[in-house]
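A.B. asks: Take a look at the following structure, please.
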Amino acid sequence: MNLSDIFTNDSQKPIPKPNAVRRLSGDDGPWSPDHVRGIVCNPCYAGIGPYPGLVPEAAWVHAAARTIHEDGAEQFLVNMLQMLRESFEHAHLQLGEAEDE
């Protein structure tokens, strides 16, 4: 198997839209199911990149596996990519701001 075998068959299929929302610290508004999904789909909460682990890795993995079972792997992966993009974009902006001061 090579990369063209992997990407050729499914790359034209549409993927689901993200249905997870990244909740920013200091947000004191009501929680929604999309906010909870955003935490479960974001491995940064288990400690990735500049983010310290806020939940035990095993707890995050088990919650992620349950969510994959309930929502499907494609939906979970779309949400995880979105949460990672937003988390690292936020971290980059914070580091850039710190360097400018």
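The values are calculated or read from the model by the stated rules, or taken from the named source; none is laboratory data. None of the values given here were measured: they were computed from a predicted structure. Glycine also receives a Cβ, built like all others from the backbone with ideal geometry; neighbour counts cover every protein chain displayed. Note: accessible area is taken over every heavy atom of the protein model, side chains too, but ligands, DNA and RNA are not part of it. Shrake-Rupley method; radii C 1.70, N 1.55, O 1.52, S 1.80 Å.
A.B. asks: Do the conditions hold for residue 38, that is, is it within 23 Å of residue 91 (Cβ to Cβ) and surrounded by 17 or more Cβ atoms within 10 Å (Cβ to Cβ)? Step through it out loud before you land on a result.
C.D. replies: Details: within 23 Å of residue 91 (Cβ to Cβ): yes; surrounded by 17 or more Cβ atoms within 10 Å (Cβ to Cβ): yes.
Yes; evaluated as a whole, the condition is true for this residue.
A.B. asks: Which numbered condition trips up residue 58, out of (1) among the small types (Gly, Ala, Ser); (2) surrounded by 11 or more Cβ atoms within 10 Å (Cβ to Cβ); (3) at pLDDT 90 or above?
C.D. replies: (2)
A.B. asks: For the stretch 20-73, name all the residues that are among the basic types (Lys, Arg) and closer than 21 Å to residue 85 by Cβ.
C.D. replies: Initially, the stretch 20-73 is screened for residues among the basic types (Lys, Arg), giving 22-23, 37, 66.
Answer for the stretch 20-73, where residues must be among the basic types (Lys, Arg) and closer than 21 Å to residue 85 by Cβ: 22, 23, 37.
A.B. asks: Sticking with this structure for a sec: Within the stretch 24-48, how many residues turn out to be under 15 Å from the mean Cα position of the chain (by Cα) and under 23 Å from residue 75 (Cβ atoms)?
C.D. replies: Count: 16.
A.B. asks: Can you tell me which condition residue 15 does not meet? The list is (1) open to solvent by 50 Å² or more (accessible area, probe 1.4 Å); (2) in contact with a Lys or Arg (Cβ under 9 Å, 6 or more places away or on another chain); (3) under 18 Å from residue 81 (Cα atoms), and all the others hold.
C.D. replies: Among (1) open to solvent by 50 Å² or more (accessible area, probe 1.4 Å); (2) in contact with a Lys or Arg (Cβ under 9 Å, 6 or more places away or on another chain); (3) under 18 Å from residue 81 (Cα atoms), residue 15 violates only (2).
A.B. asks: Still on this model: Has the stretch 22-39 got at least one residue that is assigned to a loop (DSSP other than H, G, I, E, B) and touching a Gly at 6+ places or on another chain (Cβ under 7 Å)?
C.D. replies: At the first step, the residues of the stretch 22-39 found to be assigned to a loop (DSSP other than H, G, I, E, B) are 22-32.
Okay, now just the ones that are also touching a Gly at 6+ places or on another chain (Cβ under 7 Å), so 22-23.
Yes: one or more hits.
A.B. asks: Now for a separate question. For the stretch 71-88, which residues satisfy the criterion of being surrounded by fewer than 18 Cβ atoms within 10 Å (Cβ to Cβ) and touching a helix residue (DSSP H, G or I) at 6+ places or on another chain (Cβ under 9 Å)? Walk me through it before giving the result.
C.D. replies: Filtering the stretch 71-88 for residues surrounded by fewer than 18 Cβ atoms within 10 Å (Cβ to Cβ) gives 72-74, 77, 81, 84-85, 88.
Of everything in the stretch 71-88, those that are surrounded by fewer than 18 Cβ atoms within 10 Å (Cβ to Cβ) and touching a helix residue (DSSP H, G or I) at 6+ places or on another chain (Cβ under 9 Å) turn out to be 77, 84, 88.
A.B. asks: Would you pick out the residues in the stretch 49-81 that are over 18 Å from residue 18 (Cβ atoms) and either in a helix (DSSP H, G or I) or hydrophobic (A, V, I, L, M, F, W, C) (or both)? So that I can check it myself, show each step before the final result.
C.D. replies: Start the filter on the stretch 49-81 by keeping residues that are over 18 Å from residue 18 (Cβ atoms), which leaves 49-62, 65-66, 69.
Those that are over 18 Å from residue 18 (Cβ atoms) and either in a helix (DSSP H, G or I) or hydrophobic (A, V, I, L, M, F, W, C) (or both): 54, 55, 57, 58, 59, 60, 61, 62, 65, 66, 69.
A.B. asks: Which number in (1) open to solvent by 70 Å² or more (accessible area, probe 1.4 Å); (2) in contact (Cβ under 8 Å) with a residue 12 or more places away in the chain; (3) among the acidic types (Asp, Glu) marks the one condition that residue 28 misses?
C.D. replies: (2)
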